[in-house]
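Enquirer: One structure, pasted below without further comment.
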Amino acid sequence: MNRGGLETMLMNYYRQINRTKIQFDFMVHREERGHYDDEIESLGGKIYRMPQIRPGNYRKYFNRLNDFFSEHKEFKVVHSHNNENSSFVLRAAKRFGVPCRIAHSHLSDLGIDIKLPFRLYARNVMKDNPTEYFACSKNAGRWLFGEKKEVKVLNNAVSIDDFKYNEQLRRKIRKELNISDQLVIGHIGRFNKQKNHEFLIDIFNSVIDKKSDALLLLVGDGHLRPEIERKVEKLGLSSQVKFLGVREDIPHLMQAIDLFLFPSLFEGLPVVLVEAQAAGLNCIVSDSITKEADITGRLQYFSLEDTADIWAEVIINMSIEHADTSHMLQNNGYDTKKMANWLSEFYLKNSIEMVEV
């Protein structure tokens, strides 16, 4: 439970849900503690740690799942956010009589790597292990479940009030970051292949050719960060790219940003794009991202086949004015408070009705 998009979305719901009726416990696949663990435990949640899901580790993992659900009979709902690997945990939950089993898709594609055959296998054995099928977007639902399943889209909602534009806060944060009156481009995401930081730096390098005082803020961490840091240094951009690491103050950082850049190779419906729109930012994104992500009309889509110069030209000419988008997000179901109420009622209704049957 580190500060990624999915984890942040879960915490948004967890903070708002009626915990006198429903409690969240978390099953994670890492031994080390995550950034949200302290808060989870302070809200009454338990954290259960499982082995990592690896092809050579399947037998051990499946046995641990069976042992877990054999021991823990208290759960009425299992809501799995493991994409294609949800088939495994929900199979075990089904075996031990958990009445409401939700598979939740957060991606609309997978990268090509050595794990791909195993991930396709996991998707293909999903079958009827879930009782419910959720997705962050229609595309994400189609990718994991196909056209035959009735998929409920659960929006990646955010706490809208936290992101409302505040000029005074903007000046404060920019001062803390030692930012003058210059164009600030922001990106928030893990340093992995999916987020396409290589191309992002190429775009920013082209921006610098046209606007030499521009600044890039990179928020997040990951295994590719050292590689991207070396590229920044090689291009002579070290003074104009700030690596901010993992941050707790994302709503504040959004105030300091002028434009949001997001050239991902594939996504479901990124929480961070909802947050950027809640802050009233214009966003430049790749056309691999679903059009459903454009909630406010402030996303502009461009092909990853376009050159970095084309992306840079758009950035230079784009408006940096923040807008009040709160009513659009509320009307389209992206307010955490409203959606947490819906989710709470869904859990209660389905677990109770299915037990009676």
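Enquirer: With unit charges on the beta carbons (Lys and Arg positive, Asp and Glu negative) and the dipole taken about the Cα centre of the chain, which residue among A157, S303, L10 sits farthest to the positive side?
Expert: L10
Enquirer: Let me ask something additional. Filter K94/K149; K175/K195; K195/K242; K46/K152; K172/K210; K195/K234 down to the pairs with a C-alpha to C-alpha distance above 23 Å, please.
Expert: As for pairs spanning more than 23 Å Cα to Cα, those are K175/K195; K46/K152; K172/K210.
Enquirer: Karplus couplings for segment 13-27 from phi (6.51 cos²θ - 1.76 cosθ + 1.60, θ = phi - 60°), rounded to Hz, Gly and Pro as x?
Expert: 6, 4, 5, 9, 5, 6, 7, 7, 10, 9, 10, 8, 10, 10, 9
Enquirer: Another question, if that's okay. What residues qualify as long-range amide H neighbours of V241, i.e. H under 5 Å apart, gap of 5 or more or another chain, H built at 1.01 Å from N?
Expert: Sorted by chain and number, the residues that satisfy this are L216.
Enquirer: Please report the accessible area of R95 (heavy atoms, 1.4 Å probe, ligands and nucleic acids excluded) in Å², nearest 10.
Expert: Number for this one is 140 Å².
Enquirer: Now a separate question. Each label point is 7 Å from the Cα along the Cα-to-Cβ direction; what then is the distance between the points at K73 and K175, in nm?
Expert: Modelled inter-label distance: 6.2 nm.
Enquirer: Suppose every Lys and Arg Cβ carries +1 and every Asp and Glu Cβ carries -1, with no other charges. What dipole size does the chain come out with about its Cα centre, to the nearest 20 debye?
Expert: Values: 49 positive and 49 negative charges, 265 e Å.
That gives a dipole near 1280 debye.
Enquirer: Compute the orientation-averaged projected area for segment 88-210 from the convex hull of its Cα atoms and round it to one decimal in nm².
Expert: Directional mean of the projected Cα hull area for segment 88-210 stands at 12.0 nm².
Enquirer: Right, something else. Counting only heavy atoms of the protein chains, get the accessible area per residue of the chain (1.4 Å probe) and round it to a whole Å² value.
Expert: Values: 16840 Å² over 357 residues.
Each residue of the chain exposes 47 Å² on average to a 1.4 Å probe.
Enquirer: Between N83, N57, N196, find the one with the highest GNM mean-square fluctuation for the chain; connect C-alpha pairs within less than 10 Å.
Expert: The residue that fluctuates most here is N57.
Enquirer: Please work out the Cα center distance from segment 291-335 to segment 215-242, rounded to the nearest Å.
Expert: When both Cα centres are located, 23 Å separates them.
Enquirer: Once every DSSP H run of n ≥ 4 in the chain is given -39500 (n - 2.57) and the sum is divided by its residues, what mean residue ellipticity at 222 nm do you get, rounded to the nearest 500 deg cm²/dmol?
Expert: Roughly -12000 deg cm²/dmol at 222 nm, from the helical runs in the chain.
Enquirer: Oh, and also: Pull out the extension gain between F118 and Y301, defined as 0.36 nm times the separation in residues minus the alpha carbon to alpha carbon distance; nm, one decimal.
Expert: Here the answer is 62.7 nm.
Enquirer: Can you return the aspartates and glutamates within cross-link range of K231? Criterion is Cα-Cα under 16 Å, with same-chain partners fewer than 8 residues away left out.
Expert: The reachable aspartates and glutamates, counting only those whose Cα sits under 16 Å from K231, are E198, D202, D221.
Enquirer: Quick check: at a probe of 1.4 Å, how many percent of the accessible area of segment 238-357 sits on carbon and sulfur atoms?
Expert: 49 percent
The values are calculated or read from the model by the stated rules, or taken from the named source; none is laboratory data. Keep in mind it's a predicted model, so treat the numbers as computed, not measured. Glycine also receives a Cβ, built like all others from the backbone with ideal geometry; neighbour counts cover every protein chain displayed. Calculation scope for accessible area: heavy atoms of the full protein, side chains included, ligands and nucleic acids excluded. Shrake-Rupley method; radii C 1.70, N 1.55, O 1.52, S 1.80 Å.
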